[in-house]
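These notes are about the structure you will find just below.
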Amino acid sequence: MINKVHAGLLGLIFVVVSCTIDKEERPYSSFFVGKSVGKKHITIKNLSLDTLTLTGMNTSYVGLSAIADDTLYIIDKLFCWVYVLDKDGKLIDKKLGQGPGPSELNLKNIDSFCFLKDGRKLFVGSSLDLHIYDLEWKRIVKKVIEWEGDYSYNDIYSIDSPSPTEISLYGFEYEKFKMLNSSLEPNVVFAPIYSEHPEFNAFVSKNYYTQGRIIARLDIDKAKVTGLLGRRSPVYLEKKFIGQHSFFSFTLGQNDDFYISHEVDSMIYHYDSDFNLIEKFGYSGKNMNTSYSVLHQFDMEKIRSLYFEDRPKKGYYEEVFYNPSEKILLRSYRRGNNSTTNGLQIYSGNTLVGDVDVPNDFVIMGYIAPYYYSMAVFDDTNEKITVYRFRL
């Protein structure tokens, strides 16, 4: 096993999932080639933000946040409490907690979660343990994801040129480990993946970008991956890989269509459920430091430095959220260069209607009418949890 030096970049527990994968390779260009249809018509020049300070929670200040069914949730990753709040940030209830009982989470910590559209709740732990709870917050499933493919975990590392369709190459991308529920199949979630194979990774391999998959289709009832989807942006090839920025964010439309935003690419790519390109659009954020540092040869100490020291100084696109009821897509981005503000782009359809300043800890999360909400900001120093919201 590889020790996790940093979730999502430098370490991952590799396991494999038995599944049936389409072996046919599509041309890499088919994922990206097409005329940009985006337009720019700026009508929103600033936002009026409400700041919600959330209180009444016993928390480790290591947490996640979510919106489901017009309700705000704060998830404590270490204590495993799930706090239920109304749209104004008022505490309503507390669920789960760490423990072996049927209404508790029997895991070391929460790595990711997904509130399913049918009311069930899904949590994934650090040992790839999968826990599903019903509408009454009672555990109904506890499994370990079987991550098996044509090769074992050990065998895949003895292969110099592994196939990019091989499941055992990949593991969950912990840097942005967001799971989204399919709108068409209640038992399916989508999650980001990456590879650390010595010959097939973000720092040394061109094939990693042209052929490597980015999203796993996970059947949660079977606890198996049943598909590998997508590719990384061609901008990475232009910039000689820059593995410390090889992350992306995604959001779903109503028919399992994907909106993908890569960290260093100003384009937003819209795909159908089979990852056929529908359209691409997007504009560069304002005042972003895009002088990305290139790794000229594999060096683990240099990789650490690029991630922990260099990356925070750079500008990159961070998170996308799509509201199908309003046909609004929002994209957060960081400016870098010790900027005191970050940016938020607002697209109506594929038209950029706003690119506004937001606090430097603002990352878009979701929507409870009539407000859009940021992800929760956990401040352990001042023992404070903050959420921003605004109207359009």
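The values are calculated or read from the model by the stated rules, or taken from the named source; none is laboratory data. Just so you know, these numbers come straight off a predicted model, no measurement behind them. Please note: Cβ atoms are built from the backbone with ideal geometry, for glycine as well, and neighbour counts cover all protein chains shown.
Before moving on, here are some points about what is shown:
- If you check Pro102, Pro162 for being of a type outside the set (Asp, Glu) and closer than 21 Å to Ser195 by Cβ, only one passes: Pro162.
- Any chance Ser126 is among the small types (Gly, Ala, Ser) and closer than 22 Å to Glu175 by Cβ: yes
- Segment 228-255 - residue that is of a type outside the set (A, V, I, L, M) and at positive phi and, of those, surrounded by the fewest Cβ atoms within 10 Å (Cβ to Cβ): Lys240
- From the options His270, His245, residue that is in contact with a helix residue (DSSP H, G or I) (Cβ under 9 Å, 6 or more places away or on another chain) and either modelled with pLDDT under 95 or not small (Gly, Ala, Ser) (or both): His245
- Those strands (runs of 3 or more DSSP E) lying entirely in segment 50-98 with at least 1 residues in contact (Cβ under 8 Å) with a residue 40 or more places away in the chain and in contact with a Ser or Thr (Cβ under 9 Å, 6 or more places away or on another chain): 50-54, 63-68, 71-76, 91-96
- In the condition set (1) among the aliphatic types (A, V, I, L, M); (2) in a loop (DSSP other than H, G, I, E, B); (3) under 18 Å from Tyr347 (Cα atoms), Ile260 is compliant with all but (2).
- Unmet criterion (only one of (1) among the charged types (D, E, K, R); (2) touching a strand residue (DSSP E or B) at 6+ places or on another chain (Cβ under 9 Å); (3) under 26 Å from Ser182 (Cβ atoms)) for Lys138: (2)
- The single condition among (1) outside any loop (DSSP other than H, G, I, E, B); (2) among the small types (Gly, Ala, Ser); (3) farther than 30 Å from Pro198 by Cα that Ser112 does not satisfy is (3).
- Answer residue from segment 183-200, given it is surrounded by fewer than 19 Cβ atoms within 10 Å (Cβ to Cβ) and in contact with a strand residue (DSSP E or B) (Cβ under 9 Å, 6 or more places away or on another chain) and is farthest from Phe113 (Cα to Cα) among those: Glu196
- The conditions of being in contact with a Leu (Cβ under 6 Å, 6 or more places away or on another chain), of a type outside the set (Gly, Ala, Ser), within 27 Å of Val358 (Cβ to Cβ) and in a loop (DSSP other than H, G, I, E, B) are not met by Tyr307.
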